[in-house]
1. Please verify whether segment 55-66 includes one or more residues that are modelled with pLDDT of 95 or more, surrounded by 13 or more Cβ atoms within 10 Å (Cβ to Cβ) and under 30 Å from residue 35 (Cβ atoms).
2. Against the condition in contact with a helix residue (DSSP H, G or I) (Cβ under 6 Å, 6 or more places away or on another chain) and in a helix (DSSP H, G or I), how does residue 91 come out, does it pass?
3. Does segment 110-118 include one or more residues that are in contact with a helix residue (DSSP H, G or I) (Cβ under 8 Å, 6 or more places away or on another chain) and closer than 25 Å to residue 11 by Cβ?
4. If I filter segment 10-17 for residues that are assigned to a loop (DSSP other than H, G, I, E, B) and more than 15 Å from the chain's Cα centre (by Cα), do I get at least one hit?
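The values are calculated or read from the model by the stated rules, or taken from the named source; none is laboratory data. Computed from a prediction, not measured in an experiment: that's the story for all the values here. So basically every Cβ, Gly included, is an ideal-geometry build from the backbone, and we count neighbours across all protein chains shown.
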């Protein structure tokens, strides 16, 4: 049951724009916010061991749902995609200022002894993601401010995810075709000369 509940809640987060679009046409903003807040609280309870994640969920809940519950204004629900993008920008960007970069941390899970060229590449990829979150977040903010629900729903519920997938695919193809042979050759050289760490 716990896994099923987690799956349902996770799907709710993914389809959040469509859920908001559907909900605001059928319920009061305050009622919809109460349901969404309940889902967030259940998700936070299931992630009790991940303190940082739980604190982020609770902070977002206060910023987004409190004004809706107080003023009964659904406009605040539209700012969630923007807040998520800014949160991701902070997470990725903070690792640029305080290395290792986030992409480097992921890469070291598969290749612990990254050569300097790979470290530089991972740092640049992290910067690309930061730029993406700035642009994507800007569009999300613009769509929320405009209040154009069809565009807001389509962009944040479909186009945004498509762009994320395309960026993942483009980086993966570039890395496999151009970068990995270089990384592998340098790792082999370092291992051969006994300079690998």
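1. Narrowing segment 55-66 to residues modelled with pLDDT of 95 or more: none.
No - not one qualifying residue is present in segment 55-66.
2. Values: in contact with a helix residue (DSSP H, G or I) (Cβ under 6 Å, 6 or more places away or on another chain): no; in a helix (DSSP H, G or I): yes.
No: the conditions fail for residue 91.
3. no
4. So far as segment 10-17 goes, no, none of its residues is assigned to a loop (DSSP other than H, G, I, E, B) and more than 15 Å from the chain's Cα centre (by Cα).
Per-residue answers, yes or no, for (1) buried (at least 18 other Cβ atoms within 10 Å of the Cβ); (2) in a helix (DSSP H, G or I); (3) modelled with pLDDT of 95 or more:
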position: 118; (1), (2), (3): yes, yes, no
position: 133; (1), (2), (3): yes, yes, yes
position: 141; (1), (2), (3): no, yes, yes
position: 152; (1), (2), (3): yes, yes, yes
